[in-house]
Amino acid sequence: MKVVTAFSPGHVTGIFQICDEAEDPLLKGSRGAGITIDRGVTTKVSVKRATRNRFEVRINGEKTGSAKVSEEVLRLALSKAEGHYNISVEHRVNIPIGSGIGSSGAGALSLALALNEALELGLTKVEAARLAHIAEIRCKTGLGTVTAEFYGGFRIGVKPGAPGVAETLQIPGIERYKVIFLNFGPLSTKKLLSDPSFRERVNGIGARVLDELIDSPSPEKFMLLSRRFAEEIGLISDRVRETLSVLDRYGYTFSMAMLGETVFGLARLDDVEEVKRILEDNVSHRGDLYVANVDFEGARLI
C-alpha cells in the first residue's frame, strides 16, 4: 500500500467575474481577487492494486456519499493510471464547508496532487492541479478557486483559466495583516452560478471593480472594493449586514466572502485582538470565528 498526503490552503474571494464561455474547461474560470489562507484541507490517499477500481471518501472521519468533486477528481486520475486500484481518501477540513472559503477547491486540489504521486501518474504539478480545476468546472462548484489555491498569496486574477493558463498579479503589503472571518453558514454556489440574472449582475460590477483594483492594488483598496462589490450584487444577509454595521462603527471595513454567509476582513497585527473582541461582544448572531495568516506557498505535498 502506498500512502501520500497533500495540503491545499483555503481561499477567500472578495471580488469576481464569471468567465466560463469557452468550450475548453482549462480556459474557463474567473477573474477576481482574494486571499489564500493557511487553513485549508489536508488529504491523505491510500492506494493498493486491485482487480477493479474502487474508492471511498471520508471527510473529517465520516464516510460520505456526496463528495462529488472528489469523486470526479478520482475518476479523472484513474483514467490516466495503469491498472486498477482500491483508493481510500481522507479529507481533514479545518475551514467552513460551502461558505466561501474555498473548501471544495482545496479538497479537489489536495486530492489531485496526492493521487498524482500515489498512482505514479507522472504528471507535472501544474498538470495534476488541472484535474482539480476541471472537476470543479464540471461540478459547477467553483471557477477560479483551484488556481488561486495552487499559487497562494494575495492575488488578482487578471486572465481566467486553470493553473498554467490563468494570469495573476500579487497585491503588495499583505504581510502586515491577518485574515479574520466569521462564518454563519453556506450558500449554494451551483445555484447562484447558474442563475442568468445573477451572472449578468456579477459580471458587470465585477469587471468595473476589478479594473479599479488593478489600477492601484493594495490591501486597503481590496477591502473597500470588495465591500462595494458585495453591496452592489445584493447578496448580503441580515446576519452579515449586522456584523458589517458593527465593524463599520469601529472603523473596520469588512465584506462578505464570495460565495458564503461569511464576513471577512484584514486586521493589522496589532488590531487582531480588538477586532475579535468587537465581534464577540457586539454581534447578536452566533457564528464561528477564525483568524488566519496568508499562505504564500500554495498547494503542496506534505
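The values are calculated or read from the model by the stated rules, or taken from the named source; none is laboratory data. As the structure is a prediction and not an experimental result, all values here were calculated from the model. Note: ideal-geometry Cβ built from the backbone for every residue, glycine included; neighbour counts use all protein chains shown.
Computed quantities for the displayed model
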{"read-out": "Residues of region 235-259 that turn out to be of a type in the set (Gly, Ala, Ser) and outside any loop (DSSP other than H, G, I, E, B), as a count", "value": "2"}
{"read-out": "Condition met for residue 158 (surrounded by fewer than 19 Cβ atoms within 10 Å (Cβ to Cβ) and within 27 Å of residue 263 (Cβ to Cβ))", "value": "yes"}
{"read-out": "Residue among 295, 271, 288, 238 that is of a type in the set (Asp, Glu), surrounded by 16 or more Cβ atoms within 10 Å (Cβ to Cβ) and within 18 Å of residue 100 (Cβ to Cβ)", "value": "295"}
{"read-out": "The one condition in (1) in contact with a Lys or Arg (Cβ under 9 Å, 6 or more places away or on another chain); (2) surrounded by fewer than 18 Cβ atoms within 10 Å (Cβ to Cβ) that residue 36 fails to fulfil", "value": "(2)"}
{"read-out": "Residues within region 133-183 that are among the β-branched types (Val, Ile, Thr), touching a His at 6+ places or on another chain (Cβ under 8 Å) and free of Cβ contacts under 8 Å to residues at least 60 places away in the same chain, tallied", "value": "1"}
{"read-out": "Residue within region 47-64 that is farther than 26 Å from residue 211 by Cβ, within 21 Å of the chain's Cα centre (by Cα), at pLDDT below 95 and of a type outside the set (Asp, Glu) present", "value": "yes"}
{"read-out": "Any hit, region 188-211, residues being out of contact with any strand residue (DSSP E or B) (no Cβ under 8 Å at 6 or more places or on another chain) and surrounded by 23 or more Cβ atoms within 10 Å (Cβ to Cβ)", "value": "no"}
{"read-out": "In region 260-276, the residues that are under 22 Å from the mean Cα position of the chain (by Cα) and either part of a helix (DSSP H, G or I) or of a type in the set (Val, Ile, Thr) (or both)", "value": "262, 263"}
{"read-out": "Residue tally, condition of a type outside the set (Val, Ile, Thr), in a helix (DSSP H, G or I) and in contact with a Gly (Cβ under 9 Å, 6 or more places away or on another chain), over region 136-184", "value": "5"}
